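The next block holds one structure in the form of structure tokens; read it before the comments.
The values are calculated or read from the model by the stated rules, or taken from the named source; none is laboratory data. These numbers were taken from a predicted model, which means no experiment stands behind them. Virtual Cβ from ideal backbone geometry, glycine too; neighbours counted across all protein chains shown.
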Amino acid sequence: MRPQESGELPGGSAEPARPLPFRWFPGSPGFIRKTVPLAEMEIWKLRHDPTELVSRVVQPALWLLVFGPIFGRVHGIPTGGVRYLDFMAPGILAQSVLFIAIFYGIAIIWERDLGIVHKFLASPTPRAALVLGKALSAGVRGLSQAVIIYVIAILLGVGLNWRLSALLGVLAAVLLGAAFFSTLSLIVACLVKTRERFMGIGQLLTMPLFFASNAIYPISLMPGWLRVIARVNPLTYEVDALRSLMLAGGGSVYGLGLDLGVLLAATALLVALAARLYPTVVR
């Protein structure tokens, strides 16, 4: 083998490590080529196991078919001039994305036990690409859930916004929400390292995140201390974005730009943190 291939200089000394070229960093074509295949793997899983999609219909259907009409009779809930069921539908979509993504980290623990994570870490793929690929995989599942909820909403007569720009905005909000919560889940998996502890923490996170948001009632109804928590909860901004984009008569409380900006910034921060922690999952 030639010295330049073996990583040694002609004198036998090891060639100093070179920094990764620019193409490996986020936003470059090389980085994207390493990220997209992980999301494609998730599409392949869904195509070969469609029963999972059917099982995920139950929870949002219960919320929209049972809780929606019941809470709709409580006329004291301010919904901004829209039916309560319409007000609730974007919140249930955000909830479904949260519940799917927050337990995504358990797949990392399974992959570690099967040796798959070791193979990923032995590859030249940047750690950030591995993390972002997992986040996009959760986004694929979130989009499948969005299709299900849109179908239920149509059957229930929810007034949806069908403009192309609105649909693309919903896609972006779902992807960012799924990416954020799945990356948070991955960080938890890297820290706890066992399925039992992860499941306990995952269940501990889901309900507070859901109820401390504007998913099923406006923040104005909350006590003061809970409003503070809701305003730093990324789920609040995801729901606000979905509500302004999904509904024909919907509007954003914080502004669509701020909603998507908060989700994007929070996701980028967690991806950077998870990229540093990801190798520790095998220790």
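Side notes on the structure shown:
- Failed condition for Val271, given (1) under 13 Å from Leu176 (Cβ atoms); (2) surrounded by 19 or more Cβ atoms within 10 Å (Cβ to Cβ); (3) at pLDDT 90 or above: (3)
- All positions within segment 207-231 that are surrounded by fewer than 17 Cβ atoms within 10 Å (Cβ to Cβ) and among the polar types (S, T, N, Q): Ser220
- Sole residue being closer than 23 Å to Ala153 by Cα and not basic (Lys, Arg), chosen from Val228, Val188, Val239, Val192: Val239
- Residue list for segment 150-200, restricted to those being under 18 Å from the mean Cα position of the chain (by Cα), among the β-branched types (Val, Ile, Thr) and either within 19 Å of Thr236 (Cα to Cα) or surrounded by fewer than 16 Cβ atoms within 10 Å (Cβ to Cβ) (or both): Val170, Val174, Thr183
- Total residues in segment 204-216 satisfying the condition of being part of a loop (DSSP other than H, G, I, E, B) and in contact with a Leu (Cβ under 8 Å, 6 or more places away or on another chain): the figure is 3.
- Annotation for segment 47-56: no member residue is loosely packed, with under 13 Cβ neighbours inside 10 Å, within 26 Å of Ala189 (Cβ to Cβ) and modelled with pLDDT of 75 or more.
- In segment 215-238, the count of residues that are within 16 Å of the chain's Cα centre (by Cα), more than 19 Å from Ala135 (Cα to Cα) and free of Cβ contacts under 8 Å to residues at least 60 places away in the same chain is one or more.
- Selected residue (criterion: nearest to Trp63 (Cα to Cα)) from residues of segment 217-262 that are among the aromatic types (Phe, Trp, Tyr) and part of a helix (DSSP H, G or I): Tyr237
- Residue match in segment 232-240 (condition: surrounded by fewer than 16 Cβ atoms within 10 Å (Cβ to Cβ), farther than 23 Å from Val174 by Cβ and of a type in the set (Val, Ile, Thr)): no
- Scanning segment 250-268 for residues that are without any contact (Cβ under 8 Å) to a residue 40 or more places away in the chain, more than 17 Å from Lys134 (Cβ to Cβ) and surrounded by fewer than 19 Cβ atoms within 10 Å (Cβ to Cβ) returns Ser252, Val253, Tyr254, Gly255, Gly257, Leu258, Gly261, Ala265.
- Any hit, segment 178-195, residues being of a type in the set (Ser, Thr, Tyr) and outside any helix (DSSP H, G or I): yes
- Residue within segment 27-44 that is of a type in the set (Phe, Trp, Tyr), part of a loop (DSSP other than H, G, I, E, B) and either in contact with a helix residue (DSSP H, G or I) (Cβ under 6 Å, 6 or more places away or on another chain) or at pLDDT below 65 (or both) present: no
- In segment 132-149, residue modelled with the highest pLDDT [restricted to those that are β-branched (Val, Ile, Thr) and over 12 Å from the mean Cα position of the chain (by Cα)]: Ile149
- Members of segment 55-102 that are over 16 Å from Ile219 (Cβ atoms), part of a loop (DSSP other than H, G, I, E, B) and of a type outside the set (Val, Ile, Thr): Arg56, Arg73, His75, Gly81, Arg83
- Members of segment 246-268 that are modelled with pLDDT under 80 and within 21 Å of the chain's Cα centre (by Cα): none
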